[in-house]
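Taking it in order: structure first as structure tokens, then the write-up.
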Amino acid sequence: DLLNGLVTLPAIYYAEEYPGDADVLSLAGGGWTNVENMQRLVANVRGSGAIEKSMQEADGFVDRALACLAPFPACAERDALESLATYTVDRKR
């Protein structure tokens, strides 16, 4: 995503943890166009624990969504919403 100029939650978490990282600082000035810098940044994000933290947050959203659906009677529509919610996080694992 960073290679396309899209800053996602893992990158935000990484930037919060390492605000002085030169590659993070370069993003505001269009640094995402430098492939070498972004590949290094992606590697740093992957090694930082930011992805795991993001997945934990996503899991929390799914849990809350499923809890909101729980009071409704079982039906095809509720099943579809539950499946969609769990798919969004399970597909990334």
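The values are calculated or read from the model by the stated rules, or taken from the named source; none is laboratory data. Here the structure is a predicted model, which is why all the values come from computation and not from measurement. Don't worry about glycine lacking a Cβ; one is built from the backbone with ideal geometry, like all the others, and counts go over all protein chains shown. Areas reflect the complete protein model, heavy atoms only, side chains present, ligands, DNA and RNA absent. Shrake-Rupley method; radii C 1.70, N 1.55, O 1.52, S 1.80 Å.
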ask   = Is region 66-88 home to any residue that is modelled with pLDDT under 95 and on the phi > 0 side of the Ramachandran plot?
value = no
Within region 1-25, residues being part of a loop (DSSP other than H, G, I, E, B), over 15 Å from N37 (Cβ atoms) and touching a residue at least 12 places away in the same chain (Cβ under 8 Å) number 1
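Kindly indicate the residue of region 28-45 that is assigned to a helix (DSSP H, G or I) and free of Cβ contacts under 8 Å to residues at least 24 places away in the same chain and also surrounded by the fewest Cβ atoms within 10 Å (Cβ to Cβ) among those meeting that condition. Spell out the reasoning first.
Taking region 28-45 first, the residues assigned to a helix (DSSP H, G or I) are 31-33, 35-45.
Next, from what is left, pick out any that are free of Cβ contacts under 8 Å to residues at least 24 places away in the same chain: 31, 36-37, 40, 43.
Values: G31: 17, E36: 8, N37: 17, R40: 14, A43: 11.
Here the residue is E36.
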Taking region 49-81 and the residues there that are open to solvent by less than 90 Å² (accessible area, probe 1.4 Å) and in contact with a Pro (Cβ under 8 Å, 6 or more places away or on another chain), the one that is nearest to Y14 (Cα to Cα) would be A50
